[in-house]
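Shown next, in structure tokens, is the structure this report addresses.
The values are calculated or read from the model by the stated rules, or taken from the named source; none is laboratory data. Given the structure is predicted, the values throughout are model-derived calculations rather than measurements. Ideal geometry is used to build each Cβ from the backbone, glycine not excepted, and the neighbour counts take in all protein chains shown. For accessibility, only protein heavy atoms count, side chains too; no ligands or nucleic acids. Shrake-Rupley method; radii C 1.70, N 1.55, O 1.52, S 1.80 Å.
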Amino acid sequence: MEYTSHYDSPLGGITLGSDGENLIGLWFDDQKYFADSLDQQHQIKALPIFDETKQWLDIYFAGQVPDFTPKLFMKCTEFRKTVWNIMLQIPYGHTMTYGEIADAVAKERGINKMSAQAVGGAVGHNSISLIIPCHRVVGTNGSLTGYAGGIDKKVQLLMLEKANMEDLYKPKHSTAP
């Protein structure tokens, strides 16, 4: 059985998902791919992992760096796990490009090249938003593109983290990474 809980953030409602022990999902309520990894059969339940995650979110939305990470379980392919683990290493207030992640994946897999578009698909389907910081991933040209929660939320999250926004820009229309 899987479980959910709700969190009211300054940027809108967030739904949390758990397998009872681990956090398996964190989605803005209106985001693309909302709850795509959550079983159809789930129930609302108070769980320690939800309390811990809400504490993490309270710290984060207060503009501070949480000094812990809730226990995560990535319900996804091995490729996505590789990409998501790289995103977990992006420091608070910093960004990384899809190309840089593709290079890191290629290096980890011992291959010459990895498609930035394939990485973009894995980033876009991140089921544990914010904690796995897909909002910190930007286009090589500085474009703030490809955030399932919406570009405006991506901008607000990076501003909350006091990221250097000087070379970043919002595209006139959303494009693929």
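Once the Cβ-Cβ distance between N164 and S9 is put in as r, and R0 is 30 Å, what FRET efficiency do you end up with, to the nearest 0.05? Walk me through the numbers on the way to the answer.
Details: r = 23 Å, r/R0 = 0.78.
With R0 = 30 Å, the Cβ-Cβ based efficiency is 0.80.
Which percent of Cα-Cα pairs in the chain sits in each 5 Å bin, short to long?
That works out to 1, 9, 18, 21, 21, 16, 9, 4, 1, 0, in percent per bin.
Near S127, within a Cβ-to-Cβ distance under 10 Å, what is the net charge of the other residues, with Lys and Arg +1 and Asp and Glu -1?
Every neighbour counted, the sum reads +1.
Could you sort out which of K54/K172; K107/K154; K54/K113; K81/K162; K45/K107 sit more than 32 Å apart by Cα distance in this structure?
K54/K172; K54/K113; K45/K107
For the pair F61/T140, report the inter-label distance in nm, with labels modelled 7 Å from Cα in the Cβ direction.
3.7
How large, in percent, is the carbon and sulfur part of the accessible surface of the chain at a probe radius of 1.4 Å?
Carbon and sulfur atoms account for 50 percent of the accessible area of the chain.
What net charge is computed for the residues neighbouring E100, neighbours being all others with C-beta under 12 Å from the C-beta of E100, Lys and Arg scored +1, Asp and Glu -1?
On the way: positive: K107, R136; negative: D103.
Combined, the nearby Lys, Arg, Asp and Glu give +1.
Obtain the nm distance between the two label points defined at I111 and F68 by a simple spin-label model: each point lies 7 Å from its Cα along the Cα-to-C-beta direction.
3.8
Rounded, prolate or oblate: which one fits the stretch 16-63, using the alpha carbon gyration tensor with axes a ≥ b ≥ c (rounded when a/c is under 1.5, else prolate when a/b beats b/c, else oblate)?
It is oblate, given that a/c is not under 1.5 and a/b is not larger than b/c.
Enumerate by residue number the GluC sites (Glu not before Pro) in the stretch 80-177 meeting two conditions: DSSP loop (anything except H, G, I, E, B), and at most 15 other Cβ atoms within 10 Å of the site's Cβ.
In loop regions of the stretch 80-177 (DSSP not H, G, I, E or B), the sparsely surrounded GluC sites (Glu not before Pro) are E166.
Per residue, how large is the accessible surface of the chain? Use a 1.4 angstrom probe and give square angstrom. Walk me through the numbers before you get to the answer.
On the way: 8890 Å² over 177 residues.
That works out to 50 Å² per residue.
Can you list residues from other chains, or at least 5 along the same chain, whose modelled amide H is less than 5 Å from the amide H of L72?
Distant-sequence amide H within range of L72: L23.
By DSSP, what percent of the beta bridges with both residues in the chain are antiparallel, rounded to the nearest 5?
About 60 percent, rounded to the nearest 5.
Non-local amide H neighbours of L26 (under 5 Å, H modeled in plane, Pro and chain starts lacking H): which ones?
For L26, whose amide H was placed from the backbone, the distant partners under 5 Å are G17, I128, S129.
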